[in-house]
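The values are calculated or read from the model by the stated rules, or taken from the named source; none is laboratory data. Nothing here was measured: the structure is a model prediction, and the numbers come from that model. Cβ coordinates were reconstructed from backbone atoms using ideal geometry, including for glycine residues, and neighbour counts include every protein chain displayed. Surface accessibility is based on the protein's heavy atoms, side chains included, excluding ligands, DNA and RNA. Shrake-Rupley method; radii C 1.70, N 1.55, O 1.52, S 1.80 Å.
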Amino acid sequence: MTVRVGLTGGIASGKSTVSAILVELGAVVIDADAIAREVVALGTPGLEAVVAEFGPGLLTPGGDLDRPAMGALVFADPDARKRLEAIIHPLVHRRSAELEAAAGADAVVVHDIPLLAEVGRAGSFDAVIVVDAPTEVQVARMVGDRGWTKEDAESRIAAQASREDRRAIASHVIDNTGSLEDLRRRVEDVYAELAARA
């Protein structure tokens, strides 16, 4: 039996690292962010729909979606974000379903969804893994690893669900404040438990 798992975590929590470890362990990971980029790639109906809604000013000279410009627009305008999500989310959901159907009958299928708490889909999974780190750790990582300003980091964190909201939907919380080895051990434990259900 396929075990369907939601994976989420705040920005700079280490969710991508956990996702990579899960792939190494044998999980089929379906990355919502990667699919969101795929469904608005050059020449797709998704990109045509975005241009029809927001205009050609959000395209690069080469005709691709100008992701930084789009991000700046929707981050500052909740209505624009809702309009963009109304285009992209159904496309992502359809593609995710196709990938899950191809995964095999006894797979652990992990849906990597950064905004899982925000979109209210936690109940559609057999388990939900939340990668967790304190806000000050997230800020330090964004400033140190990504070169963000403290203010930009804090505003991005504030725009996401709170740690409490994410932890409330979790069947498994993976603390990511220790070493990479600590993180790997915790992920291995959680994966073993999930794989035993498959």
Of the residues in the stretch 104-155, how many are of a type in the set (D, E, K, R) and either part of a helix (DSSP H, G or I) or touching a Phe, Trp or Tyr at 6+ places or on another chain (Cβ under 6 Å) (or both)? 9
So, in the stretch 154-198, how many residues would count as being over 16 Å from L7 (Cα atoms) and either over 17 Å from the mean Cα position of the chain (by Cα) or modelled with pLDDT of 95 or more (or both)? 12
Take the residues of the stretch 22-72 that are more than 16 Å from L84 (Cβ to Cβ) and part of a helix (DSSP H, G or I): which is nearest to the chain's Cα centre (by Cα)? A34
Selection over the stretch 1-29 where residues are open to solvent by less than 20 Å² (accessible area, probe 1.4 Å) and of a type in the set (V, I, T) yields a count of 5
Filter the stretch 121-133 down to residues that are charged (D, E, K, R) and open to solvent by 10 Å² or more (accessible area, probe 1.4 Å) and give me whichever is modelled with the lowest pLDDT. R121
Examine the stretch 184-191 for a residue that is open to solvent by 70 Å² or more (accessible area, probe 1.4 Å), closer than 26 Å to F54 by Cα and of a type outside the set (S, T, Y), and state whether such a residue exists. no
Would you be able to tell me the number of residues in the stretch 108-120 that are buried (at least 18 other Cβ atoms within 10 Å of the Cβ) and more than 20 Å from V40 (Cβ to Cβ)? 5
Taking first residues from the stretch 114-126 that are in contact (Cβ under 8 Å) with a residue 24 or more places away in the chain and second residues anywhere that are open to solvent by less than 30 Å² (accessible area, probe 1.4 Å) and β-branched (V, I, T), the pairs with Cβ under 6 Å that are 6 or more apart or on different chains are L116/T8; A122/V128; F125/V5; D126/V3
For the stretch 51-104, how many residues meet the condition of being in contact (Cβ under 8 Å) with a residue 60 or more places away in the chain and of a type in the set (V, I, T)? 1
Given the criterion in contact with a Ser or Thr (Cβ under 9 Å, 6 or more places away or on another chain), open to solvent by 70 Å² or more (accessible area, probe 1.4 Å) and at pLDDT below 95, identify the matching residue among A32, A105, A69, A76. A105
From G178, G147, which residue is without any contact (Cβ under 8 Å) to a residue 12 or more places away in the chain, within 30 Å of A195 (Cα to Cα) and open to solvent by 40 Å² or more (accessible area, probe 1.4 Å)? G178
Restricting to the stretch 79-102, name every residue that is loosely packed, with under 14 Cβ neighbours inside 10 Å and of a type in the set (D, E). D79, E98
